Amino acid sequence: MTVNNQFSINLKEGQAGENAIATWLKNKGFDVLPVYEKIIDTGKGPQLFTRDNESLVAPDLLCFKDGAPMFVEAKRKSGFTWHRKTKRWVTGIDLRHYLEYIKVLNSTKVPIYLCFVQEGKKTKDDQYSNYQQPSGLFVNDLSKLTQMENHRSDKWGVSGMVYWSDRSLIKKANLSDIYKYLKQQKK
């Protein structure tokens, strides 16, 4: 399989996860605006152009409930990874994006939530854990997560990664509840 084919597959799976999270949010009473449209094509994902002339990576969704806005960064993961040093299941995002989301939060004062669909698929790390890998939809507020980092690593991604343990995230839905939204995407 070529790199371009794998990228296309990963992109489609990620978009399906994002759509499932957006559908779950709508069913919880939120209005959802995907942040895809771009005025200025930078060759990057959605951007927030600040009054200070910064161009920051924007979270995937802008949501509203009862007039209150919030951003949502939606991630679909095959499963948590076992971190042997801390003996915890962890998941993470690109470090550069994380640092830019913090700037978006500070600039806009709009809460940002990280949402992870964790599919709980078997990994090579399962053998090291004393408890089963969790699955479902996991969420937490970025302002809280900045105080709850499990670790950072420069071994993955272009800029490195930041990770949180499953204990830092709040389980909001079972995987079966999210899968019904993923299945709707295929129809």
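Each value in this text was obtained by applying a stated rule to the coordinates, not by laboratory testing. Being a predicted model, the structure only gives us computed values, none of them experimental. Cβ coordinates were reconstructed from backbone atoms using ideal geometry, including for glycine residues, and neighbour counts include every protein chain displayed.
Report the rotationally averaged projected area of the stretch 3-178 based on its alpha-carbon convex hull, in square nanometres.
Reported value for the Cα convex hull: 11.1 nm².
What's the extension gain from Gln127 to Trp156 if we count 0.36 nm per residue and subtract their Cα-Cα distance?
8.3 nm
Rounded to the nearest 20 debye, what is the charge dipole size of the stretch 3-178 about its Cα centre when +1 sits on each Lys and Arg Cβ and -1 on each Asp and Glu Cβ?
My answer is approximately 620 debye.
If you take all C-alpha pairs in the stretch 72-158, what percent of them are over 21 Å apart?
I get 34 percent for the Cα pairs in the stretch 72-158 exceeding 21 Å.
Return one quarter of the surface area of the convex hull spanned by the alpha-carbon atoms of the stretch 46-115, equal to its mean projected area, in nm².
6.1 nm²
At 0.36 nm per residue, and after removing the present C-alpha to C-alpha distance, how many nm does the segment from Asp52 to Lys180 gain when stretched out fully?
Separation in residues times 0.36 nm, less the Cα-Cα distance, equals 41.8 nm.
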